[in-house]
Amino acid sequence: MPLEISDDAVNVFRRDGFLFPLRVMSAIEAGSYRACLEAVEAERGSLTGKFRSLKHHLVMTWLDGLIRRPEILDPVAKVLGPDILCWSTSLLIKEPGDGAHVSWHQDLTYWGLEPGDVVTAWLALSPVTRQNGCMRMLRGSHASRLAHADTEDDSNLLSRGQTITAGIDEDKVVYLELEPGEISLHHGNTAHASDPNASDERRIGLAIRYIATRVHPTEGQDSAMLVRGVDRFEHFDAESRPTADFDAVAMTEHDRVMALRRGVMMEKG
Ligand code: NI
């Protein structure tokens with residue numbers, strides 16, 4: 001199911017800072033990924049929580065395959081160009097009645113990446129609605145960096161409660177509802193937020209963070225995985241693909257990478 005996005009759609013992304021919905025697989029296939037995830041949860045417990053939801057594609061072969069699907073990479077390549085690294089993945093699960101929320105923020109303000117050729121593909125593995133806490137985005141906000149302040153709020157999924165201090169123009173806010181198997185794309189600088197899950201169903205998303213190979217860490221050492229094209233820059237340590245789920249080699253690689261990342265990556269939401 002190759003997905004050709006039109007030049008018009010690319011222009012919408014460049015104007016608004018996000019684009020949705022794009023169907024990248026059938027609802028049935030999304031359901032089979034969800035079943036994979038829930039089988040792992042049944043065996044190993046929750047895969048989410050502050051700092052615990054990152055880079056599971058290094059330890060699960062089905063996620064390693066998912067981040068390389070051409071239906072996802074083709075539209076990402078329209079924005080980032082042909083040489084693409086997967087910098088991170090985050091499982092973003094809100095349980096029914098979960099009071100956790102994400103305050104307004106721009107990812108690139110604390111991700112330590114320059115230049116800002118950073119796109120998140122956010123894949124719905126459940127229905128994602130206003131009621132269960134879909135993302136909302138501020139149209140056009142990727143064009144500038146907004147001031148943020150840390151807040152003390154344990155229900156905020158962001159590690160330091162990073163919050164945009166300026167008022168939000170509600171006329172420019174869009175709610176990104178998705179069906180299972182659909183993605184949204186958003187630029188690393190697009191302001192976004194999400195509400196608690198007020199429904200009786202799980203909200204399950206996978207955020208895949210893609211960067212162009214020309215991007216570099218602003219400080220320290222970091223790692224990423226080449227998923228398309230050629231890396232002529234080698235700004236990031238290359239990560240190894242898993243060959244078996246949660247085997248010792250994969251777990252050691254995940255530990256290595258998370259140790260590198262600990263000082264760099266601050267966000268869960
Ligand atoms: Ni974010």
Q: Just need a number here: residues in the stretch 129-138 that are more than 16 Å from the ligand (Cβ to nearest atom) and crowded, with 18+ Cβ neighbours inside 10 Å.
A: 2
Q. In the stretch 206-223, how many residues are touching a Ser or Thr at 6+ places or on another chain (Cβ under 8 Å) and not β-branched (Val, Ile, Thr)?
A. 4
Q. In the list SER126, SER141, which residue meets the criterion of being more than 16 Å from the ligand (Cβ to nearest atom), at pLDDT 90 or above and touching a helix residue (DSSP H, G or I) at 6+ places or on another chain (Cβ under 9 Å)?
A. SER126
Q: Would you check which residues across the stretch 181-204 are crowded, with 22+ Cβ neighbours inside 10 Å and of a type in the set (Ser, Thr, Tyr) and list them?
A: SER184, THR190, SER194
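Here's the yes/no breakdown for (1) open to solvent by 80 Å² or more (accessible area, probe 1.4 Å); (2) more than 16 Å from the ligand (Cβ to nearest atom); (3) at pLDDT below 95; (4) in contact with a strand residue (DSSP E or B) (Cβ under 7 Å, 6 or more places away or on another chain):
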position: ARG214; (1), (2), (3), (4): yes, yes, no, no
position: GLU219; (1), (2), (3), (4): yes, yes, yes, no
position: VAL227; (1), (2), (3), (4): no, yes, no, yes
position: THR243; (1), (2), (3), (4): yes, yes, no, no
position: ALA250; (1), (2), (3), (4): no, yes, yes, no
position: ARG256; (1), (2), (3), (4): yes, yes, yes, no
position: GLY263; (1), (2), (3), (4): no, yes, yes, no
position: GLY269; (1), (2), (3), (4): no, no, yes, yes
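The values are calculated or read from the model by the stated rules, or taken from the named source; none is laboratory data. Everything quoted here is computed from the prediction, not taken from an experiment. FYI the Cβ positions are ideal-geometry reconstructions off the backbone, even for glycines, and counts take in every protein chain you see. Please note that ligands, DNA and RNA were not included when accessible areas were found on the heavy atoms of the full protein model with its side chains. Shrake-Rupley method; radii C 1.70, N 1.55, O 1.52, S 1.80 Å.
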